[in-house]
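Here the structure comes first, spelled out in structure tokens, and everything after it is commentary.
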Amino acid sequence: MGKRTARWAKAHRARLALTQPQLAEAADISLSTVTRLERGDPVRDYVLEALENLFADERPSEDGQKPQSAGQNHHFQLTIYQDLLR
């Protein structure tokens, strides 16, 4: 996480005219998670996915690269484990 992700979340929350508690409820996450996210603190991938779905926008990358969705990452990990089990 970082400043870009925090700005992205704040900007979309403002665009939707939501308070932090309203965003937490709409995304089905805790208020403390919204607070941490908007400070730039780390949050779990499912939180970012929920917000991407709610905002209909992909989050920005902190390093200028397009972020890989958690779903793609989990598929990659599953493939590796499947290969190891064979």
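The values are calculated or read from the model by the stated rules, or taken from the named source; none is laboratory data. Quick caveat, the model's predicted, so the values are computed rather than measured. Heads up, the Cβs are rebuilt from the backbone with ideal geometry, glycines too, and the neighbour counts pull from every protein chain shown.
A few points about this structure:
- Residues that are part of a helix (DSSP H, G or I) and either surrounded by 17 or more Cβ atoms within 10 Å (Cβ to Cβ) or modelled with pLDDT of 85 or more (or both) are absent from region 59-69 altogether.
- In region 1-41, the residues that are small (Gly, Ala, Ser) and farther than 20 Å from GLU58 by Cβ: ALA17, ALA24, SER30, SER32
- Test: residue in region 43-55 that is surrounded by 12 or more Cβ atoms within 10 Å (Cβ to Cβ), at pLDDT 65 or above and in contact with a Phe, Trp or Tyr (Cβ under 6 Å, 6 or more places away or on another chain): no
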